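Worksheet: the structure to be examined is printed underneath.
The numbers here are math on the coordinates, done by the rules we state, and not lab data. Note that the structure is predicted; figures quoted are calculated from it, not measured. Because the Cβ atoms are built from the backbone with ideal geometry, glycine has one as well, and the counts that use them run over all protein chains shown.
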Amino acid sequence: MTRVVFDIETLGVPFDTLDEVQRDYLLKSCDTEEKRQAEMQRTSLYPLTAQIIAIGMYNPDSKSGKVFYQADKSEQSHSADHSVEFSSGDEAFVIRSFWDAVQRYDQFVTFNGRGFDCPFIMLRSAILGIPATRNLVPYRYDSQQHFDLLEQLTFYGAVRKFNLDFYCRAFGIRSSKIDGITGADLGPVFREKRFKEIAEYCMRDIIATSELYMKWKTFLSEMDRTT
């Protein structure tokens, strides 16, 4: 079975670029300035108010991958060990490149992909008029196509959820948050046009997710015979 791990990085559009009706809708229940600011920060979480600025894909078997990321010009490069290729363009390029690549794999692996990455990609694709090449949200309880690590590690919600960083630290995996920027830095870094740093952060995320997946495969795979 061929498999690929993927992860996305998103960034909300400037709040003042939304029209008045959209802004009013998002802020209608915010009765304090603190709540207004918090809601404005959450726009990165919604595919109707944000864009995809990077998608990383990594093959846990060959230990090689690609990161497609937004930048103001088209470039190609490689990680220091040449295991990961970086390619840049606009958001449409990022999404089209993902759809072209993901259809070649039997199984895709995510961390909270069902709850975030997959619906986000599908909706952004529709908004930009880009056809999907496969269903990223198949039947929840069959991980043969979509192996969502968060679903598996919580036994489909039976125990508490933690973020990827917390799981990595618990399992002795080097967290993507240790080196370089973190998700909280994406806005300023993108505005400063430090696009490659975002791509490298995405690369660290997919490698950490891949290593966490291999922990599951090594020690818990009997819990899920479909994989």
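Classification of segment 103-227 by its C-alpha gyration tensor yields an oblate form. The axis ratio a/c (a ≥ b ≥ c) is 1.5 or more, and b/c is at least a/b.
Antiparallel DSSP bridges in segment 25-106: what percent, to the nearest 5? Spell out each step's value before the answer.
Values: 9 of 15 bridges.
About 60 percent, rounded to the nearest 5.
Sorted ascending by nearby beta carbons within 10 Å, beginning with the fewest, TYR139, TYR105 become TYR139, TYR105.
Using the Cβ-Cβ distance between VAL159 and THR218 with R0 = 22 Å, the FRET efficiency computed as 1/(1 + (r/R0)^6) comes to roughly 0.65. Simple spin-label estimate for LYS73 and VAL13 gives 2.7 nm between the two label positions (7 Å along the Cα-to-Cβ direction from each Cα). Here the chain is treated with +1 on each Lys and Arg Cβ and -1 on each Asp and Glu Cβ, and its dipole about the Cα centre works out to around 520 debye. For the chain, the share of alpha carbon pairs falling in successive 10 Å distance bins from zero is 7, 32, 36, 20, 5, 0 percent. Once the chain from MET1 to LYS35 is taken as fully extended at 0.36 nm per residue, the excess over their C-alpha distance is 7.5 nm.
Which residues in segment 179-222 have a backbone N closer than 18 Å to a point placed 7 Å from the Cα of SER83 along the Cα-to-Cβ line? What the label zone holds, given the 18 Å backbone N cut-off, is 179-180, 199-218.
Could you grab the relative contact order for the chain? Cα pairs under 8 Å, six or more apart, rounded to a whole percent. Before the final figure, lay out the partial values.
Values: 342 pairs, mean separation 50.8, N = 227.
Relative contact order for the chain comes out at 22 percent.
Sort LEU220, LEU150 so the one with the fewest other Cβ atoms within 10 Å of its own Cβ comes first.
Ascending Cβ contact count within 10 Å gives the list LEU220, LEU150.
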